[in-house]
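Values quoted throughout were computed directly from the atomic coordinates according to the rules given, and no laboratory measurement underlies them. Predicted, not measured: the structure shown is a model, and the values here were computed from it. Backbone-built Cβ (ideal geometry, glycine too); neighbour counts: all protein chains shown.
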Amino acid sequence: MMPKAVTFFGYWSGDLPEVTELHFRSFLHYHPHSNYDLWLDIDTASNLPSKMDWLAHHPQIHLRYFSLQALCLASTILSGSRQLPWPVLVEKWATFLSSVFFDNCLLRFQ
């Protein structure tokens, strides 16, 4: 019987220290049938050291980029919006998402 696949996850803000390579190699050794989602905060320019570039291409490791500031802003926008009519809520979300996408694109190209 194959072991059940599990998805592990981690969050990092800023540059990932090189010492964490041991963590990922250990994970791959002890959990060969599982996946690891590594969430990297774009607000703090999270980055991998060059010797850990292999993480970006490993089939069990998934790098997920997100904005913690955008999540906090989304929470603020949606708090108290349960009373809003559906079209107004959709418009607020569309405005928020387009501004976050635009801001993130600017961050990546600067």
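Couple of notes before you dig in:
- Under 5 Å from the amide H of L63 lie the amide H atoms of L38, each residue being 5 or more positions distant or on a separate chain, with H modelled from the backbone and absent for Pro and chain starts.
- Long-range HN-HN contacts of D15 with modeled amide H, under 5 Å: N47
- Summarising the label geometry, the points placed 7 Å from Cα in the beta-carbon direction at L73 and D53 lie 3.2 nm from one another.
- Shape of segment 1-71 from the C-alpha gyration tensor: oblate (a/c of 1.5 or more and a/b not above b/c, with a ≥ b ≥ c the square roots of its eigenvalues).
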